[in-house]
Amino acid sequence: MSDISQSAMKLPGITAANAAPWLIATLFLLVLPFIFSANSAITIMNQMAITIIFALAYNMLLGQGGMLSFGHAVYLGAGGFMCMHIMNYVEDYSLPLPLPLLPLFGGIFGLGLATIVGAFSTRSAGTVFAMISLGIGELLAACSIIIVAFFGGEEGIPGDRTYGLPFFGVEFLQQIEVYYLIIFWLVLSALLMFLFSRTPAGRMANAVRDNPERAEFLGYSARRVRYISFCASGFFAGIAGGLLAINLEILTGEDLGLLLSGEILLITFLGGVGFFFGPIIGAIVFTLLKTVLGLETELWQLYVGALFVATVMYFPGGFAGVLMMHAPSAKLGKLKLLVVPYIKTLVPAFFAVMGAAGFFEIMFHMRHAAVGEEEMTIFWTTFNSHSVLPTAVTIGVTVVGFWLAKRSAPDMAAAWHASITPNKPAGASAGERPADSQAQGGGS
Amino acid sequence: MSTSTMPALELDGLRKSFGKTEIIRGVDLAIGRGERHAIIGPNGAGKSTLFNLITGRFPNSGGHIRLHGNDLAGRQPFEINRMGLSRSFQITNIFPKMTVFENVRCSLLWTKGYKYSFWHMVSRSRDLTQAAEAILEQINLTARRDLPAGVLSYAEQRALEIGITIAGGADVIMLDEPTAGMSHSETDYIVELIRKVTVGKTLIMVEHDMGVVFGLADRISVLVYGEIIATGKPEDVRSDAKVQEAYLGAALEADH
Ligand SMILES: Nc1ncnc2c1ncn2[C@@H]1O[C@H](COP(=O)(O)OP(=O)(O)OP(=O)(O)O)[C@@H](O)[C@H]1O
Ligand SMILES: [Mg+2]
């Protein structure tokens, strides 16, 4: 290699281009409470930010390391409960531990538990790992009922985050103050998790996920690589737990239970395990569905479940995967090709989904509303849930919408293929690589 | 024994059974430092199994394996690799979802001393990037640098497999049928590549193509039904009556 090429060789480090998304995201988080300033909105955003940290931590296992855990909430819970006890202890003895540092202790306890469990669970990544995670999840859920001194039994463990001296004048009485505390830890944790994925341990986690055997013949113990990811993931889950303790000021067995473990798996998968930002989208969408949709209908879990199944079946890359499917089109400047075909398919599909939702709501109301209460309101329309017409309308809308969507779906797929294919004459330079590799592949 | 005369690899009464069937039935072999040694033999003779025993993929049922005089008993594949032995596989074994560059970079990490570090950024290391690019240059895949390894042509994947094997700088290189399933021109390309990247190293190679074997090897061992029936210089092995009878005659005829 010549000297010139050596000095010209770019080392991708911290450049404006890869710092920009982080700066923009941070700025956005800082101004967000000015856009949504209602207390309820801040409560949702706090929940969302904690879920994002947890989901990113979970994806260090699932997406980066190929380990499917059914019990990851125990690390969040370990951090959370420990922080709660520290909070109470520090209050009782008036120790000078500022609240903003507390999540770090959550992380340390999450890490501590992970170092113990990981020592035997990371031997393999497959079914054995999944089953051990489920077993540990079940075990700690049982402990949370039995060991009342630590977990508080049914009532849980309460705490008071305003215990200590004000931290530079901030007492953390208000949700907004907690918001800024949480997003400080969110940005820090997300950045550290991102950087982890760029280290030798993080790169080898990907390698071991894809082909553990080959990694072993390159000098790496697949088990040790998994163990390190597992511990790191436990650490960040613990930080999320600490923040949860501060945010809620009470934790119960639910905060380390299998339900939460299942939820984080669903969130992460929904967002997309293949990209670093996938779980972030998953956490945002899920928290919104849970809070906003959850206020509207008791059936929100049914819709989330349906969305999850549809994602698993048709878009295994999750939301992030769907977004990134359009990166080549955007690069080629061909996104506008997609507008009309997308409208033609997605609008009827939207109506089909809404029709089906309406149908379920009517059925649910018919079955479960108090006797004699036959009036219901959905989609700004009030009607009698026992009459035939509304049901017929929802079925009709669903069937027609579905039929229209299905009819135009092939056009949409074709448009997408066209949008990722470079133009023949004009795009000669852009198309060089694929064409070249095809020629090579054909020749062999 | 002084270090200069000590064999790079020494097999001593090596045995392996799968259940009741004994596949490797007492193999003794010493391969010198810097030697290019080919192992030939009919299908199912146990050549790949022998590789799997040496590299720690399977535990052996009897006998000893010594690498530079150190007994390998009970060692894991990654430990054996760290002792300076690296192998390729008969069936391509790479990281198909990672880019070609990343495949090579991952295979450099251990010997470059990064171990399990989570405080170094791999992309910040000029040394690592340059070493990986040098390997890509050697295996002729620089133009494929940023493609996922899974989309490469078969011959390119085989070249990458060799690249991954040699990247770590191991001094004993074991290649299991590196040219299997390749056209003539591709075979020539891979043979040149092997010659180039194994200069000064000990090479142990399983190969069916007799042209490749007689072109590359300093010595040849013939493995038939789990036993080595002959070891020696190519011309001696070629004229060995036992080998003629058991294997080579048929193989040479098939080659013509
Ligand atoms: N893991 C295993 N379990 C059981 N039997 C095995 C195993 N691996 C190999 N064998 C058997 O051992 C014998 C030798 O197989 P091996 O792959 O070593 O042959 P080979 O000489 O490499 O043949 P080829 O030229 O076809 O690659 C075969 O009969 C095979 O079925
Ligand atoms: Mg074989």
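Every number here is computed from the coordinates shown, using simple stated rules; none is lab data. Model, not experiment: these values are computed from the prediction. Note: ideal-geometry Cβ built from the backbone for every residue, glycine included; neighbour counts use all protein chains shown.
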Check residue B:204: other-chain or 5+ apart residues with amide H under 5 Å from its amide H, H built from backbone geometry? B:37, B:173, B:174, B:175
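Considering Cα pairs under 8 angstrom that are at least six residues apart, work out the relative contact order of the stretch A:17-145 and quote it in whole percent. List each step's numbers first, then the result.
Details: 75 pairs, mean separation 37.6, N = 129.
Reported as a whole number, the value is 29 percent.
What relative contact order, as a whole-number percentage, does chain B give when Cα pairs under 8 Å and 6 or more residues apart are counted? Walk me through the numbers on the way to the answer.
Values: 457 pairs, mean separation 65.1, N = 256.
Over chain B, the number comes to 25 percent.
Can you show me the helix-derived [θ] at 222 nm for the protein assembly as shown, built from DSSP H runs with n ≥ 4 at -39,500 (n - 2.57) apiece and divided by the number of residues, rounded to the nearest 500. Spell out each step's value before the answer.
On the way: 28 runs with 392 residues, N = 700.
Computed ellipticity for the protein assembly as shown at 222 nm equals -18000 deg cm²/dmol.
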Starting from one equal scatterer on each C-alpha and no solvent at all, send me the Debye-based log10 I(q)/I(0) for the stretch A:327-419 at q = 0.16, 0.17, 0.22 Å⁻¹, two decimals. -0.69, -0.73, -0.97
Under 5 Å between amide hydrogens, which residues at least 5 positions from residue B:9 or on another chain qualify, with H placed 1.01 Å from N in the peptide plane? B:31, B:68
Which ordering of A:83, A:231 is given by a fewest-first count of other beta-carbon atoms within 10 Å? A:231, A:83
Rg/Rh for chain A to two decimals, with Rh computed the Kirkwood way over all alpha-carbon pairs. 1.02
Paramagnetic reach from residue A:314 in the stretch A:400-421 [backbone N under 17 Å; point 7 Å along Cα→Cβ]: A:400-417
Please list the helices of chain A that count as membrane-span-like by this rule: a mean Kyte-Doolittle hydropathy of at least 1.6 together with Cα atoms stretching 24 Å or more along the helix axis, each helix being a complete DSSP H run. A:16-35, A:102-121, A:127-146, A:175-196
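Counting other C-beta atoms within 10 Å, which of B:218, B:171 has the fewest, and how do the rest follow?
Numbers: B:218 14, B:171 17.
Lowest count first: B:218, B:171.
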Compute the long axis of helix B:126-138 from its Cα atoms, compare it with the longest principal axis of the Cα atoms of chain B, and write down the angle in degrees, 0 to 90, nearest 10. 50 degrees
Bin by bin, in steps of 10 Å, what percent of the Cα pairs in the stretch B:116-256 do you find, going until the bin that has the longest distance? 10, 35, 30, 16, 8, 2, 0
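With a 10 Å Cβ neighbour count serving as the proxy for reagent exposure, in which order, fewest first, do A:133, B:17 appear?
Working: A:133 22, B:17 14.
Ordered by Cβ neighbours within 10 Å, fewest first: B:17, A:133.
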Using Cα pairs closer than 8 Å and at least 6 residues apart in sequence, work out the relative contact order for chain A, in percent. 21 percent
In this structure, among B:16/B:242; B:16/B:97; B:20/B:47; B:112/B:201, pairs with alpha-carbon gaps over 27 Å are B:16/B:97
Full-stretch length increase - residue A:128, residue A:43 - with 0.36 nm per residue and alpha-carbon distance subtracted: 26.8 nm
How large is Rg over Rh for the stretch A:24-133, taking Rg from the Cα atoms and Rh as the Kirkwood inverse mean of 1/r across Cα pairs? 1.06
